[in-house]
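The values are calculated or read from the model by the stated rules, or taken from the named source; none is laboratory data. Worth saying up front: this structure is predicted, and the values here are computed from it rather than measured. Cβ placement follows ideal geometry from the backbone for every residue including glycine, while neighbour counts extend to all protein chains displayed.
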Amino acid sequence: MVLEVVALACLTRGNALVLSTSALVMHGLALVTTTSAFVTRGLALVTTTSALVTRGLALVTTTSTLVMHGLALVARALATLLQD
């Protein structure tokens, strides 16, 4: 009878340890999932920022081209005025 009580106590304690370990593993998996979600969100932000920077560079290039075209028109107009 005493051995059965001791065995039952050991089994109960073992089950409690298994449950605690399982809870810790689940908590760890939740942390990994949360971290993964943050990393994915961070990568999405980096991609969006990179796209915005690329778009900004394209706008700068377009503006620069328009300015150069405007300067060429001014130079041509000056040349025409000076020939007359």
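Here are a few things to note about the model shown:
- Flag if L81 is loosely packed, with under 10 Cβ neighbours inside 10 Å, of a type in the set (A, V, I, L, M) and free of Cβ contacts under 8 Å to residues at least 24 places away in the same chain: yes
- Any chance T40 is at negative phi, at pLDDT below 95 and among the hydroxyl-bearing types (S, T, Y): no
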